[in-house]
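For reference, the structure discussed in these notes is given below.
None of the figures in this text is laboratory data; all of them are computed from the coordinates on show. On a predicted model such as this, the values are computed, not experimentally measured, just so you know. Cβ sites come from the backbone with ideal geometry, for glycine too, and all protein chains shown count toward neighbours.
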Protein chains: 2
Amino acid sequence: MSTDLLNDESCGLRERKKRETRRALNLAALDLVEERGFAAVTTEEIAARAGVSARTFFNYFPSKEAAVIGTTAEELEAYAAALEEDVEGESPLESLRRILAGMLAPASIDRELRARRRRILLGEPSLAPALVGNNIRIENALTGALERRLGVEPGASLEARLTVAVAIAAVRACIEHQQNGGSGRLERNIDQAFDRIAAGLR
Amino acid sequence: MSTDLLNDESCGLRERKKRETRRALNLAALDLVEERGFAAVTTEEIAARAGVSARTFFNYFPSKEAAVIGTTAEELEAYAAALEEDVEGESPLESLRRILAGMLAPASIDRELRARRRRILLGEPSLAPALVGNNIRIENALTGALERRLGVEPGASLEARLTVAVAIAAVRACIEHQQNGGSGRLERNIDQAFDRIAAGLR
DNA sequence: CGCCGAAAATGCAGTCACTGCAAAATTGCA
DNA sequence: TGCAATTTTGCAGTGACTGCATTTTCGGCG
């Protein structure tokens, strides 16, 4: 084994190709949904555009919705790791604000992809149930991370799960507010929402 | 149509029968899911047990999940009305605590049915996405009601939606905590959760 | 390089959720 | 009782999703 440093993480060509296929399927799904809308796209078409067979599609994603949403386990782990890290002078809620806002904001590298994703996903009301369903995965990952950060046993106290759930709900509420033509810019509203939560709701 | 009494409830035989059918389908779905589990039940079986054709099933519910969950528009309206009512010395969050806890607690009349529902729905992890999807409906109904209570234009301020979303998230977190074998009784945890939210999270 | 075991891709057949459409049954009302 | 509206139902079709057997591809090893 003289080859280790070739790639970032996945040395094997096999792993890299799987990642590429997964990404290709996700991008194909986004393309097609953008063109025709979620309902008018079939999994066969997504597979075809990604260059794989119809059957292979379901080796990568358990449903059409999942392919469009495309959240990977790696992303979840990354966010969890970010939350687990105890930043100086930052409360759990503040960390969550930073991390969740970062999930929405088009970031350095994937700038245009993130913005595209956000636009397409939020523009499809029929995807809303699947999106909140996907939030369960995020919530579980972040809850585990926060429990580790707080040094409590998994499921021992309500605190970690409550904080994460409320934070995610706050972001969701802001997005919903936005979609209903609500006032204010998204980032600003998220800041306000977290401020209110920190101050205590009535 | 000069209907005045008809649009109420339980007036026309037609309306009453529709309600019975809806209820029969919901109960049949609960029965079968309890017996065999959600995945092993078909919509045809539900329809058969309820005494209607397979096609008619989809005149009442848009999906198998919806039939099992069975939340009716009337229930939503009732909860919304309860929230809209301004109770002396009760903040919006306190009203939400009372109403949402009431949704879970086996109440006077439907005592055993409510408990059954809760047991079956929460015992089926595969229904979790559908359940949180259903929460969107509840959130929208309650948000509208709270906006009316506060006297603001729909969607004008973030406050109403944020409060409702956070309250629902709190209850969900407690349920999730419960299912993961967390400590404490559900009612008590919900009380604690709302207390924390009122005091401000960190 | 060529072979082998493992993993992944594919093809095929089947089940079932869900839909549109048109005919048939049922109900409310004059 | 008869008419019009509403509801039920049957039928045929689409497409998501699954299990299984087969084939292809990949990675390692002599």
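So what's the angle, to the nearest 10 degrees on a 0 to 90 scale, between helix A:73-84 and the longest Cα principal axis of chain A?
Around 20 degrees separate the two axes.
Calculate one ³J(HN,Hα) per residue across the range A:118-127 by plugging θ = phi - 60° into the Karplus curve 6.51 cos²θ - 1.76 cosθ + 1.60, and present them in order as whole Hz with x for glycine and proline.
Calculated HN-Hα couplings, in order: 4, 4, 5, 5, 6, x, 10, x, 5, 8 Hz.
In terms of Cα to Cα distance under 20 Å, which lysines are near enough to B:K64, apart from those fewer than 8 places away along the same chain?
Candidates past the 8-residue exclusion: A:K64, B:K18.
Ordered by residue, what ³J(HN,Hα) values in Hz, to whole numbers, does the range A:25-42 give under the Karplus form 6.51 cos²θ - 1.76 cosθ + 1.60, where θ = phi - 60° and Gly and Pro are x?
So the J values, rounded to whole Hz, are 5, 4, 5, 4, 4, 4, 3, 5, 5, 5, 5, 10, x, 4, 5, 8, 10, 9.
For the range B:66-110, go through all pairs of different Cα atoms, get the mean of 1/r, take its inverse, and jot down that Kirkwood value in Å.
On the way: mean 1/r = 0.0853 Å⁻¹.
Mean inverse Cα-Cα distance, inverted, gives 11.7 Å.
At 37 °C and a viscosity of 0.692 mPa s, what translational diffusion coefficient does Stokes-Einstein give for the range B:103-196, taking Rh as the Kirkwood radius over Cα pairs? Give it in µm²/s as a whole number. Can you show the working numbers first?
Numbers: Rh = 14.8 Å.
In µm²/s, the coefficient is 222.
Roughly speaking, what is the stretch gain from B:E75 to B:S157, that is 0.36 nm per residue apart minus the C-alpha to C-alpha distance, in nm to one decimal?
Details: separation 82, 0.36 × 82 = 29.52 nm, distance 2.57 nm.
Residue separation times 0.36 nm, minus the Cα-Cα distance, leaves 26.9 nm.
With each pseudo-label sitting 7 Å past Cα toward Cβ, what's the A:A40-B:R188 distance in nm, one decimal?
Result: 5.7 nm between the two label points.
Ignore the peptide's own chain and count Cβ atoms of other chains within 10 Å of each Cβ in B:137-143; give me the average, rounded.
2
Would you kindly work out, in nm and rounded to one decimal, the distances from the label point of B:E84 to those of the same position in each other copy, ordered shortest first, with label points 7 Å along Cα-to-Cβ?
When each copy's label point is compared with this one, the spacings are 4.9 nm.
With a/c under 1.5 counting as rounded, go ahead and sort the range A:82-134 into rounded, prolate or oblate using the C-alpha gyration tensor (a ≥ b ≥ c being the square roots of the eigenvalues; past the cut-off, prolate if a/b is larger than b/c, else oblate).
Values: a/c = 3.57, a/b = 1.70, b/c = 2.10.
It comes out oblate by the Cα gyration axes.
Average projected area of the Cα convex hull of the protein assembly as shown, in nm²? Don't jump to the answer; show the numbers that get you there.
Numbers: hull surface 99.7 nm².
For the protein assembly as shown, the mean projected area of the Cα convex hull comes to 24.9 nm².
Within the range B:21-91, report the GluC sites (Glu not before Pro) that DSSP leaves as loop and that have at most 15 other Cβ atoms within 10 Å.
On the way: sites: B:E34, B:E35, B:E44, B:E45, B:E65, B:E74, B:E75, B:E77, B:E84, B:E85, B:E88, B:E90; in loops: B:E85, B:E88, B:E90.
Hits after loop and neighbour filter: B:E85, B:E88, B:E90.
Can you list the copy-to-copy distances for A:N180, using a point 7 angstrom from Cα toward Cβ, in nanometres, shortest first?
Distances to the matching label points in the other copies: 2.9 nm.
Residue by residue through A:177-183, how many Cβ atoms from other chains fall within 10 Å of the Cβ on average?
On the way: counts 10, 2, 1, 6, 3, 6, 5.
Whole-number average of other-chain Cβ neighbours for A:177-183 is 5.
Between 0 and 90 degrees, rounded to the nearest ten: what's the tilt of helix A:159-179 against the longest Cα principal axis of chain A?
With rounding to tens, the tilt is 70 degrees.
Looking at chain A, what % of the alpha carbon pairs are farther apart than 26 Å?
Cα-Cα pairs of chain A separated by over 26 Å account for 42 percent.
Would you kindly derive the ³J(HN,Hα) couplings of the range B:57-70 from the backbone phi angles with the Karplus curve 6.51 cos²θ - 1.76 cosθ + 1.60 (θ = phi - 60°), listing them in order in whole Hz, with x for Gly and Pro?
So the Karplus estimates, Gly and Pro as x, are 3, 7, 7, 10, 10, x, 7, 4, 4, 4, 5, 6, 5, x Hz.
Taking the Cβ of B:E44 as the center, what net charge do the other residues with Cβ under 13 Å away carry, scoring Lys and Arg +1 and Asp and Glu -1?
Values: positive: B:R49, B:R55, B:K64; negative: B:E45.
So the environment of B:E44 carries a net charge of +2.
In nm, what does the list of distances from A:A40 to its counterparts in the other copies look like, shortest first, when each label sits 7 Å along Cα to Cβ?
4.2
Report Rg(Cα)/(2.2 N^0.38 Å) for the range A:13-69, keeping two decimals. Display every interim value, and only then the final one.
Numbers: Rg = 10.5 Å, N = 57, 2.2 N^0.38 = 10.2 Å.
For the range A:13-69, the normalised Cα radius of gyration is 1.03.
Over the whole of A:119-130, what's the average partner chain Cβ count within 10 Å per residue? Rounded to a whole number, please.
Details: counts 0, 0, 0, 0, 0, 0, 0, 0, 0, 2, 11, 2.
Across A:119-130, the average partner-chain Cβ count within 10 Å equals 1.
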